[in-house]
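The values are calculated or read from the model by the stated rules, or taken from the named source; none is laboratory data. Everything numeric in this text was worked out from a predicted model, so none of it was measured. Don't worry about glycine lacking a Cβ; one is built from the backbone with ideal geometry, like all the others, and counts go over all protein chains shown.
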Amino acid sequence: MRWIWIIALWLLQPAAYAAIDNAYLLQLQTQARQMKLADRPEWHKLLHYVPRVFAPGYKGLPDSRQFYLAADGKTDPQAELDATLASFYSDTVESATVQNPQCSFIARYTWLNAQLKFDAERLPSHICKRYENWHAALNPSGLTLIFASAYMNNPSSMYGHTFLRVDAKDQDEHTRLLAYSVNFAANTNETNGLAFAVNGLFGGYAGAFSMAPYYVKVREYSDFENRDLWEYHLRLTPEEVDRVLMHAWELGPQYFDYFFFDENCSYHLLGLLQVARPEFEFTENFRWGAIPSDTVREITAHPGLVEHTVYRPSNATLLRNRLGLMDADERHLVLALSQGKITDADPALLARSLAGEAAVLETSLDYTNYRRVMGHQDVADPALLVQELQTTRSRLDIITPPVSAPVPKAKPDEGHSSSRITLGAGRRAAQDFQEVQMRATYHDLMDQDAGYVRGAGIEFFSMALRHYDFADTRVERVTPVNILSLSPRDDFFHSPSWHVSGGWQRVTAANGSEPLAAVLDGGMGGAWSDRQNATLSYAFFDVSTHFSGALDKGYALGAGASAGSYIDLDPAWRIHPYLKTLRYFAGQQDNILNLGLEQRLALSRNLALRMDVARLRELKTIYNTAAFSLLVYF
């Protein structure tokens, strides 16, 4: 049937394949079969084939119709190889909108040519001017994997983001911003976070690769979203770099259905990067989900692949560090200057040393620009204020060192693994229990902060199974989403803190039963940190809803408040005292009070102990609960 299809293709498209050499094409296809090229990992990577989960065979991930040339090429690697060889006989002339298949699929052509040694007289090669101009403009000498830290205000970036930078031959560390970046993202202008999350979960967007100057991405992530960047310089040969770029050229006009958890930015970036070497199998461990920090760990796990790492702090990180080095008087002057409450002729400013005055003026400039970028409108003319501060600073005859921030002790790839299983035992209301908890991903605030954004807790798909001595094992809770964002407030930064969680958990009904009720909780408030960042305290106004047929009227609606502190007594020992009160005033009514203490002792990066105790009051009953657990991250 393959030969019939090939002959039909030739007969149906005489103009495109007028110069086809059928005998030589048959020879190439036969040779490719003998060499089993369609079974080679290089071919599967170029076509993005992955094994089917519930059936034998393969499926291709790209969803563009033009990516696979054979009618069944999305599922048949051999048919696609035959069709690709036939397409190389196309006499299509390159134009501004059309490419010859040898050029539009230049990575395929180059690899097949290397394996089959095409006879140039029997299969003429085409000049790919557009690709050559693009490649020359990039002038590539290397590739760098970029990791952007988590951004809690965007559902698509709560786990962080990865993309590639193409480093040019004539650039150095001072001119890297002029390089180009390769990025994969969902094509959408959606501004509604909930709509984006729903569509992203179910493949409602088309994801595509794009290129942009690196300074544009730095401005987007570092300046606008205040996300630190980590640059992992990869040790690749020039041939391997070119192989990745040729495949990036092939993928430029294509698209993939975008899925938030698995076929996302990091997964497809790994798919692009792994064409560099036959032994790279970066995507193999990410069939069910791809967390950006986990994909970075996959890259760094290959010995010698990462040459060195560079930390690029965001403007907000630099500003926080600069303010942290100032005394109270200097911070007061910075705030007053940036708000236009005093002028550069203020006696308190002029009384400082020359270095001190310069530091205050420079920090005021940074803070004024930060507020402009964030959209604050509390200064009548911020542009004029910036100009005045710049003019005053230029009159000071002193050179200050460049602004910097200390490099975090742990890189994103050095944090704990994102999945977790917890084995524990405890006692609740005089009843012993044993418990197993599982979390698919990613991090909560009782985990170690190393490698993660401080104050950002993001958990998806967690559940707990509990066995009481008097009853069978039961599902204690199922929580698809649990997010806690604590952004410390001070005189300069006023970001709100919030939390939201939803799922099913055991609640106590008026008749004494404990049904598994649908639960949706949330809250808004503030957080505060000490100067040493050893304590992170918070206070929230909370709302809570429960739905179950076992409850009075089938539901409970309440509101209340909560407060607590995450305190690091030691780098490995964290405690969390907390108080939570809720008054359920509609449906099943109740006044709940929860006073507790959580403790975590880290034994290693992926192993920890927890001990939790609490005293609760619900339905006018007071009881205690305690649990001791072993946490294993993987």
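Those helices (runs of 4 or more DSSP H) of region 226-328 in which at least 2 residues are out of contact with any helix residue (DSSP H, G or I) (no Cβ under 6 Å at 6 or more places or on another chain) and of a type in the set (A, V, I, L, M, F, W, C), considering only elements entirely within it, cover 238-251, 265-273, 315-324. Filtering region 84-97 to residues that are out of contact with any Lys or Arg (no Cβ under 6 Å at 6 or more places or on another chain), over 16 Å from E132 (Cβ atoms) and either among the polar types (S, T, N, Q) or assigned to a loop (DSSP other than H, G, I, E, B) (or both) leaves S87, F88, Y89, S90, D91, T92, T97. Residues in region 412-449 that are surrounded by 16 or more Cβ atoms within 10 Å (Cβ to Cβ), among the aliphatic types (A, V, I, L, M) and either closer than 19 Å to F261 by Cα or at pLDDT below 95 (or both): A440 only. The set of residues from region 314-367 being of a type in the set (G, A, S) and either farther than 24 Å from S495 by Cβ or under 31 Å from the mean Cα position of the chain (by Cα) (or both) comprises S314, A316, G324, A345, A348, A351, S353, A355, G356, A358, A359.
Using the structure shown, decide if T30 is surrounded by 13 or more Cβ atoms within 10 Å (Cβ to Cβ) and more than 29 Å from the chain's Cα centre (by Cα). So T30 does not fit the description; no.
Within the option set L251, L178, being surrounded by fewer than 18 Cβ atoms within 10 Å (Cβ to Cβ) and within 21 Å of A137 (Cα to Cα) holds for one residue only, L178. Taking region 495-513 as the range and being under 30 Å from Y367 (Cβ atoms) and assigned to a loop (DSSP other than H, G, I, E, B) as the test, the residues that pass are S495, P496. Note on region 278-297: residues that are buried (at least 17 other Cβ atoms within 10 Å of the Cβ) and closer than 30 Å to Y131 by Cβ amount to 8. Within region 570-585, is there a residue that is in contact (Cβ under 8 Å) with a residue 60 or more places away in the chain, closer than 28 Å to Q431 by Cα, in contact with a Leu (Cβ under 9 Å, 6 or more places away or on another chain) and aliphatic (A, V, I, L, M)? No, the conditions are met nowhere in region 570-585.
Polar (S, T, N, Q), over 28 Å from Y205 (Cα atoms) and not in a strand (DSSP E or B): is that true of Q29 in this structure? When the stated conditions are applied, Q29 passes them.
Taking the listed residues F492, F470, F461, the one that is farther than 29 Å from G375 by Cα, in a loop (DSSP other than H, G, I, E, B) and touching a residue at least 12 places away in the same chain (Cβ under 8 Å) is F470, with no other qualifying.
When T363 is tested against (1) under 30 Å from T295 (Cβ atoms); (2) at pLDDT 95 or above; (3) among the hydroxyl-bearing types (S, T, Y), only condition (1) is not met. Among the residues of region 406-419, the ones that are in contact with a Phe, Trp or Tyr (Cβ under 8 Å, 6 or more places away or on another chain) and in a loop (DSSP other than H, G, I, E, B) come to 8 in all.
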